[in-house]
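Participant: Before we start, here is the structure in question, set down as structure tokens.
The values are calculated or read from the model by the stated rules, or taken from the named source; none is laboratory data. Everything numeric here is computed off the predicted structure, so don't read it as measured data. All Cβ positions, even for glycine, are placed from backbone atoms using ideal geometry, and neighbour counts span all protein chains on display. Protein only, heavy atoms only, side chains kept; ligands, DNA and RNA dropped before computing areas. Shrake-Rupley method; radii C 1.70, N 1.55, O 1.52, S 1.80 Å.
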Amino acid sequence: MLILTWAVAAWTHVAAAISGGDPVPFSALLFVCVSVFLLARLTASVHWSLVPAVVVAIAAVLTLSTPDIFSPAPLSGPFGYANAKGAFFVQAAIAGLMLASAPGPGPARVLGVTAAVAFGAVPFAAKSLTAAALILFLPGAALAAQVWIGVRVVVLSLAVVFIAALSTTIVLGSTYTGGIRSGLVDRLVDATLTERRAALWHEALVMMGEHPVTGVGLGGFQALSPTAQMDRDARWAHNSFLQHGAETGVLGLLLLGWLFLWGFAGLGVTKTPNVVAVLGAVAAAALGIHASVDYVLHFPAVPITTAALVGTARGSFSRLERLS
């Protein structure tokens, strides 16, 4: 993991040195996430519930201290962006589910169920459609499937869903054409993901095609995207992977994608039935899918929380296998 992390950070610095931009914010966030992952993994090897409890506590403080936490306004919430709010509370709800997986009745289970329900309601109230769909379908389907097909297959399936989501955005971006969009796929995209997203993905792919080695430079997307120049909210490509590829080249895109896939691979090696491991994979999949259609990675609280939950999942099954 550390080698891959260093590779992602190193290439970001190389690309910035050649094409311009400041690589420090991305690299700093990357290493904070890795540090949190390692700390959570170590903590979970002692007791897996500690980190999810901290996440639930932080989410509770944000909920109680943010007056517009349930507001559907696009710029509402503690992060100033409703979809980032939705993405964070998806992770908080997953943390609640981790606590709820505690064996037998007890305060942790009651707290976990209450937190999962309360935090899971935030994306629906905020009308963060992607986050709402993720919390509605991913955890329940994954936990149910684990009973029938086991942890490894569930983790693999979640990785495939993430790859499929990212691949779909690449296909939609590469086939995007402006003007009259009367085809069935065009109308479906415009009604769900919005035409602007498809246009942004197309522009990111064009930049990647024209500058495949080191990209257009970090921060270059908003300067070169015609859509971004017309709309301040479109200064991000609404796809963190394609934006990173546009700004650091094809290798930058592949390295970031591989970093996510490493998270799934690490969870898929467990031989012990483990609900927490499944939920860790759900957390990674939720972030990867959401980051494929929005710029949620630009809000540090979201990827850092995900790193904590994935680290908890890794540490929890390591402890179980030592005890078995």
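Participant: Could you grab me the full set of residues in region 170-227 that are assigned to a loop (DSSP other than H, G, I, E, B) and either polar (S, T, N, Q) or modelled with pLDDT under 80 (or both)? Show your work before the answer.
Facilitator: Here is the first cut: in region 170-227, the ones assigned to a loop (DSSP other than H, G, I, E, B) are 175-183, 193-194, 211-219, 225.
Selection gives THR175, THR177, GLY178, GLY179, ILE180, ARG181, SER182, GLY183, LEU193, THR194, THR214, SER225.
Participant: Something else: Given the condition touching a helix residue (DSSP H, G or I) at 6+ places or on another chain (Cβ under 8 Å), open to solvent by less than 50 Å² (accessible area, probe 1.4 Å) and more than 22 Å from ALA284 (Cα to Cα), answer yes or no: does some residue in region 23-39 qualify? Give the steps one after another, and end with the answer.
Facilitator: In the first step, residues of region 23-39 are kept if they are touching a helix residue (DSSP H, G or I) at 6+ places or on another chain (Cβ under 8 Å); the result is 23, 26-27, 29-34, 36-39.
Remaining after also requiring open to solvent by less than 50 Å² (accessible area, probe 1.4 Å): 23, 27, 29-30, 33-34, 36-37.
Within this subset, residues satisfying the condition of being more than 22 Å from ALA284 (Cα to Cα) are 23.
Taking every residue of region 23-39 in turn, at least one turns out to be touching a helix residue (DSSP H, G or I) at 6+ places or on another chain (Cβ under 8 Å), open to solvent by less than 50 Å² (accessible area, probe 1.4 Å) and more than 22 Å from ALA284 (Cα to Cα).
Participant: Have a look at LEU99, LEU134, LEU156 and point out the one that is in contact (Cβ under 8 Å) with a residue 12 or more places away in the chain, open to solvent by 50 Å² or more (accessible area, probe 1.4 Å) and either touching a Ser or Thr at 6+ places or on another chain (Cβ under 8 Å) or under 19 Å from THR306 (Cα atoms) (or both). Outline the logic, then answer.
Facilitator: On the way: LEU99 fails: open to solvent by 50 Å² or more (accessible area, probe 1.4 Å); LEU134 fails: open to solvent by 50 Å² or more (accessible area, probe 1.4 Å).
Answer to the check: LEU156.
Participant: Are any residues in region 122-131 closer than 12 Å to PRO72 by Cα and open to solvent by 10 Å² or more (accessible area, probe 1.4 Å), and if so, which ones? Outline the logic, then answer.
Facilitator: Initial filter on region 122-131 (closer than 12 Å to PRO72 by Cα): 122-129.
Of everything in region 122-131, those that are closer than 12 Å to PRO72 by Cα and open to solvent by 10 Å² or more (accessible area, probe 1.4 Å) turn out to be PHE124, ALA125, LYS127, LEU129.
Participant: Given GLY245, GLY280, GLY268, GLY249, which one is in contact (Cβ under 8 Å) with a residue 12 or more places away in the chain, among the small types (Gly, Ala, Ser) and open to solvent by 10 Å² or more (accessible area, probe 1.4 Å)? Don't jump to the end; show me each part of the working.
Facilitator: On the way: GLY245 fails: open to solvent by 10 Å² or more (accessible area, probe 1.4 Å); GLY280 fails: open to solvent by 10 Å² or more (accessible area, probe 1.4 Å); GLY249 fails: open to solvent by 10 Å² or more (accessible area, probe 1.4 Å).
None of the others qualify; the one that does is GLY268.
Participant: Can you tell me which residue within region 259-286, out of those that are outside any helix (DSSP H, G or I) and closer than 26 Å to PHE241 by Cα, is modelled with the highest pLDDT?
Facilitator: Kept after step one, since they are outside any helix (DSSP H, G or I), are these residues of region 259-286: 268-274.
In the following step, the residues that additionally are closer than 26 Å to PHE241 by Cα were identified as 268-269.
Numbers: GLY268: 78, VAL269: 73.
Only one residue fits best here, namely GLY268.
Participant: Can you tell me how many residues in region 228-242 are surrounded by fewer than 22 Cβ atoms within 10 Å (Cβ to Cβ) and assigned to a helix (DSSP H, G or I)? Reasoning before the result, please.
Facilitator: Pass one, region 228-242, residues surrounded by fewer than 22 Cβ atoms within 10 Å (Cβ to Cβ): 228-236.
Okay, now just the ones that are also assigned to a helix (DSSP H, G or I), so 228-230, 232-235.
Summing the residues that are surrounded by fewer than 22 Cβ atoms within 10 Å (Cβ to Cβ) and assigned to a helix (DSSP H, G or I) in region 228-242 gives 7.
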